[in-house]
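Contents: one structure, followed by commentary.
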Amino acid sequence: MTGNMTKVRSLFLTALLVMSVFAGATAFAGSAVASQHDKTITDNSVVYQGQNGLVDQYSNGTEVTLSEGKEGDDGFVDSYTADENGFHIDTTELETGFYQLSAGNTTVTFQVVKQTFKVSADSTTIMDDSSDQTVTFTVDDSNRENFDVSVYSEDITDDEEEAIKSVSGMHEEGDGVHTFDVDFSEHDLSPGTYNVTVSVDDTSASQTFEITVEEGGSASSSFGNSVYSVPRGDIVPVTVNLENTDSATAIVGSDEANFNMSVDVTDGDDDGEVTFWVNTYETTNNDSSKVIYAGEDSEDSVSASWNSNNLSEPLAVTSGETVYELEVYTNDENPDDVSSLSVEPRNTGSAQTWVSPDEGAETPSELTDLITQRSNVAFGDKVVVQIKDTSGIYGALTGADNLDDVDGLSVNVEEDNPEPNTEADSFNTTDAGVKMLDDGANESLYLIIETDNLDEIGKEDLMGDWTATFSVDENYAVSPDEKQSVSTTFTVEEATLDLNEGNNVEVPNSNNQSISGTTNLAPGTSVNVQARSSGIFFKNQDVTVTEDGSFSSMFDFSEYDNNTEFSVTASADGAESVTVDGVLNQDAGEDDPTTTTTTTTTSEETTTEETTTTEETETTTNDEGQPGFGVAISVVALLAAALLALRREN
């Protein structure tokens, strides 16, 4: 009996021990769960979608309801039972918007928002044999500050939850730490494509990249051309092709030529090439970045440095003894490729005049789509003076707002017929209403003159003939032997509109009826044509002036009665509108009736005229009234025909 009691006591004590251990473990686990949350949700909290929120305002055992909407009146979502630490809400599956927790008189309102997260990578291609397999990631944009991110790739680790790298305290660009590097070399990756995801640790925000590992080979570089030619004073693009590398070093010039520069290039957009520009005018500048640089919108990196002293004047024209060599290296030993830079004499070409509608053009290509070659311009339109086939000035114009910024270059626009005893009005590129646009690639400089925006010259004084003169004088750094000038003329006149040559309009009451006009406004200008009959119809159409100065509208009048009267008005910005009367005439446009005159000559020598609407004929009759021959001859002919028919029958 005592032995049995001892066994019972032992079992009881063992059970107590197990229960105490279990209870302790449970209590410990509960404490751990209470601390495993991303944010404590209080009234009016903002929670990022995907965060785990702790709610601790409710007492142990309280049943709490989660509803949608600020007031909780948009529908039931879920319910929770609070323990001594409260309860957790996983917002991963919650839609963005407002929510309300309620139990008794206690309510908590919070908002779930999506974290914006835009990340970029400096490169998504790495070489399998390269010592540098680092990719730099940048957080470009986020609506949240100070968050942690991790990088995952199940393709690399075989475990979607194993982080390749974790980074704390990230911000969007401009607000703090926003870049981090991931070195893939430690993973010994084979050639192929790997999905790599950058995720915010406590929200659902993420972005996935395809990282391509390419099979390595010998790094090499080459020039795009064997010779690069440029007029002295202009700018030339030089392209370096890269293979199995994203960087190289080019040498421009040589010590023998007293012009020597190094150019480090890095491919920033993975297109396998980098283009740098050599400004032959700026070679006097000690700042190497003004001489050789990347294109304005390029993602590539170009860093130039002087190996020789900067020059005292723009780069000289090449000759038998002056040659500018180009070399490119991917190592420090031998060049991968060589080329040369040929600098040629500059040229001053000619000038011509164009007109443009009053529309803005920011680039040469936009401008050439708008202009029409013509010398007369309507006030309100733009005069475009083109200095064409002209080289050696575009390096100097880099960064210049007007030609006055460049010593030795000028454009002057002057009236041809000033009033008696007065100086001729004139203006240049420094005046308001005058814009300069250069197109070095096509050796053209454009002067755009807004005729209605010249502050110093009013409309009345602007009317008439003008001459625009472009000059390159002896003071220009790429100086000609003597002053060179080219000129073109234009005439400013009042803007005019004309409808139907000033005549009233008469069209059929049918579809597709054209009403046309002319104007001296620039081709491309919009003209509004309205056809109106009071209480009957109003038609409106915007049409465009064509190259010959005409415009044409098309209307449907098929629903309206014959003889309906109406008016037509044409209007355009800058011109006085014009109106003519019109009428719907069902016979309009048809050919006029043709008058046919039949002249009959009789024995009494009288002539009669008969009018028909078919054809015009003139015949002469004899006294028997038979055209061409008499009755007797007709009878003989009939008898002959009858005999012939009878003979054939026999």
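Hey, among Glu423, Glu366, which residue is free of Cβ contacts under 8 Å to residues at least 40 places away in the same chain, surrounded by fewer than 20 Cβ atoms within 10 Å (Cβ to Cβ) and closer than 30 Å to Ala572 by Cβ? Walk me through how you get there before you give the answer.
Details: Glu423 fails: closer than 30 Å to Ala572 by Cβ.
Unique residue meeting the criteria: Glu366.
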Restricting attention to the stretch 501-528, and to residues there that are farther than 30 Å from Trp466 by Cβ, surrounded by 18 or more Cβ atoms within 10 Å (Cβ to Cβ) and not β-branched (Val, Ile, Thr), which single residue is farthest from the chain's Cα centre (by Cα)?
-> Asn509
Meets criteria (over 30 Å from Thr179 (Cα atoms) and either touching a strand residue (DSSP E or B) at 6+ places or on another chain (Cβ under 7 Å) or modelled with pLDDT of 95 or more (or both)) for Val213 | no
Could you grab the pairs with beta carbons closer than 9 Å, sequence gap of 6+ or different chains, first residue in the stretch 227-240 and under 18 Å from Asn285 (Cβ atoms), second one among the basic types (Lys, Arg)?
-> Arg232/Arg346; Gly233/Arg346; Asp234/Arg346
Across the stretch 394-426, which residue is nearest to Glu344 (Cα to Cα) among those that are of a type in the set (A, V, I, L, M, F, W, C) and in contact with a Leu (Cβ under 6 Å, 6 or more places away or on another chain)?
-> Leu409
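Report yes if Asn146 is under 30 Å from Val167 (Cβ atoms), of a type outside the set (Lys, Arg) and free of Cβ contacts under 8 Å to residues at least 40 places away in the same chain, otherwise no. It would help to see each step written out before you state the result.
On the way: under 30 Å from Val167 (Cβ atoms): yes; of a type outside the set (Lys, Arg): yes; free of Cβ contacts under 8 Å to residues at least 40 places away in the same chain: yes.
So Asn146 passes the test.
Of all residues in the stretch 537-568, count the ones that are under 38 Å from the mean Cα position of the chain (by Cα) and either surrounded by 12 or more Cβ atoms within 10 Å (Cβ to Cβ) or in a strand (DSSP E or B) (or both).
In the first step, residues of the stretch 537-568 are kept if they are under 38 Å from the mean Cα position of the chain (by Cα); the result is 538-556.
If we keep only those that are either surrounded by 12 or more Cβ atoms within 10 Å (Cβ to Cβ) or in a strand (DSSP E or B) (or both) as well, we get 538-546, 549-556.
Final tally of qualifying residues: 17.
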Working only within the stretch 354-363, note down all residues that are buried (at least 22 other Cβ atoms within 10 Å of the Cβ) and either in contact with a Ser or Thr (Cβ under 7 Å, 6 or more places away or on another chain) or under 30 Å from Gly224 (Cα atoms) (or both).
-> Trp354, Val355, Pro357
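Please count how many residues of the stretch 316-331 are among the charged types (D, E, K, R) and in contact (Cβ under 8 Å) with a residue 60 or more places away in the chain.
Residues of the stretch 316-331 among the charged types (D, E, K, R): 321, 325, 327.
Restricting the remaining residues to those that are in contact (Cβ under 8 Å) with a residue 60 or more places away in the chain gives 325, 327.
Total satisfying the criteria: 2.
Go through the stretch 465-483 residue by residue and tally those that are closer than 16 Å to Ser444 by Cα and of a type outside the set (A, V, I, L, M).
Applying the first criterion (closer than 16 Å to Ser444 by Cα) to the stretch 465-483 yields 468-472.
Still in the list and also of a type outside the set (A, V, I, L, M): 469-471.
Total satisfying the criteria: 3.
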Residues being over 23 Å from Asp148 (Cα atoms), in a strand (DSSP E or B) and not small (Gly, Ala, Ser) - total across the stretch 195-239 | 13
Identify the single condition in (1) of a type in the set (Gly, Ala, Ser); (2) at pLDDT below 95; (3) under 20 Å from Thr322 (Cβ atoms) that Gly233 does not satisfy, given that it satisfies every other one.
-> (2)
Do we have any residue at all in the stretch 379-393 that's modelled with pLDDT under 95, of a type in the set (D, E, K, R), within 25 Å of Lys483 (Cα to Cα) and open to solvent by 30 Å² or more (accessible area, probe 1.4 Å)?
-> no
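Here's the yes/no breakdown for (1) part of a strand (DSSP E or B); (2) out of contact with any Leu (no Cβ under 9 Å at 6 or more places or on another chain):
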{"residue": "Ser67", "(1), (2)": "yes, no"}
{"residue": "Gly72", "(1), (2)": "no, no"}
{"residue": "Asp78", "(1), (2)": "yes, no"}
{"residue": "His88", "(1), (2)": "yes, no"}
{"residue": "Thr92", "(1), (2)": "no, yes"}
{"residue": "Glu95", "(1), (2)": "no, yes"}
{"residue": "Gln100", "(1), (2)": "yes, no"}
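Just to be sure, is Ser485 surrounded by fewer than 19 Cβ atoms within 10 Å (Cβ to Cβ) and closer than 30 Å to Val230 by Cβ? Break it down into steps so the answer makes sense when it comes.
Working: surrounded by fewer than 19 Cβ atoms within 10 Å (Cβ to Cβ): yes; closer than 30 Å to Val230 by Cβ: yes.
Here the answer is yes, as Ser485 does meet what is asked.
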Taking the stretch 207-221 and keeping only residues that are under 33 Å from the mean Cα position of the chain (by Cα), surrounded by fewer than 17 Cβ atoms within 10 Å (Cβ to Cβ) and among the hydroxyl-bearing types (Ser, Thr, Tyr), one is left with Thr208, Thr212
With respect to Gly97, is the statement that it is of a type in the set (Gly, Ala, Ser) and either modelled with pLDDT under 95 or open to solvent by 30 Å² or more (accessible area, probe 1.4 Å) (or both) true?
-> no
Failed condition for Gly574, given (1) at pLDDT 95 or above; (2) under 30 Å from Leu367 (Cα atoms), with all others met?
-> (1)
Any hit, the stretch 106-115, residues being touching a Lys or Arg at 6+ places or on another chain (Cβ under 6 Å) and open to solvent by 40 Å² or more (accessible area, probe 1.4 Å) | no
Enumeration of residues in the stretch 181-196 that are over 13 Å from Thr138 (Cα atoms) and either in contact with a Gly (Cβ under 9 Å, 6 or more places away or on another chain) or in contact (Cβ under 8 Å) with a residue 40 or more places away in the chain (or both) | Asp183, Phe184, Ser185, Leu189, Ser190, Pro191, Tyr194, Asn195, Val196
Is there any pair linking a residue in the stretch 120-134 that is open to solvent by 40 Å² or more (accessible area, probe 1.4 Å) to one that is among the aliphatic types (A, V, I, L, M), with Cβ under 6 Å and at least six apart or on different chains, and which?
-> Thr124/Ile211; Asp128/Val213
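When you go through Ser123, Ser153 one by one, which is the residue that is among the small types (Gly, Ala, Ser), under 25 Å from Thr245 (Cβ atoms) and under 28 Å from the mean Cα position of the chain (by Cα)?
Values: Ser153 fails: under 28 Å from the mean Cα position of the chain (by Cα).
Exactly one residue qualifies, and that residue is Ser123.
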Filter result (open to solvent by 10 Å² or more (accessible area, probe 1.4 Å), touching a Leu at 6+ places or on another chain (Cβ under 9 Å) and without any contact (Cβ under 8 Å) to a residue 60 or more places away in the chain) within the stretch 439-460 | Leu454
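Taking strands (runs of 3 or more DSSP E) that do not extend beyond the stretch 438-536, which have at least 1 residues that are small (Gly, Ala, Ser) and within 25 Å of Gly395 (Cβ to Cβ)?
In the stretch 438-536, 444-450, 464-472, 484-493 are the strands (runs of 3 or more DSSP E) which contain 1 or more residues that are small (Gly, Ala, Ser) and within 25 Å of Gly395 (Cβ to Cβ).
The values are calculated or read from the model by the stated rules, or taken from the named source; none is laboratory data. In this text, all values refer to a predicted model and were calculated from it rather than measured experimentally. Neighbour counts are summed over all protein chains in view; Cβ atoms, including those assigned to glycine, are modelled from backbone coordinates with ideal geometry. The accessibility values were calculated without ligands, DNA or RNA, using every heavy atom of the protein model including side chains. Shrake-Rupley method; radii C 1.70, N 1.55, O 1.52, S 1.80 Å.
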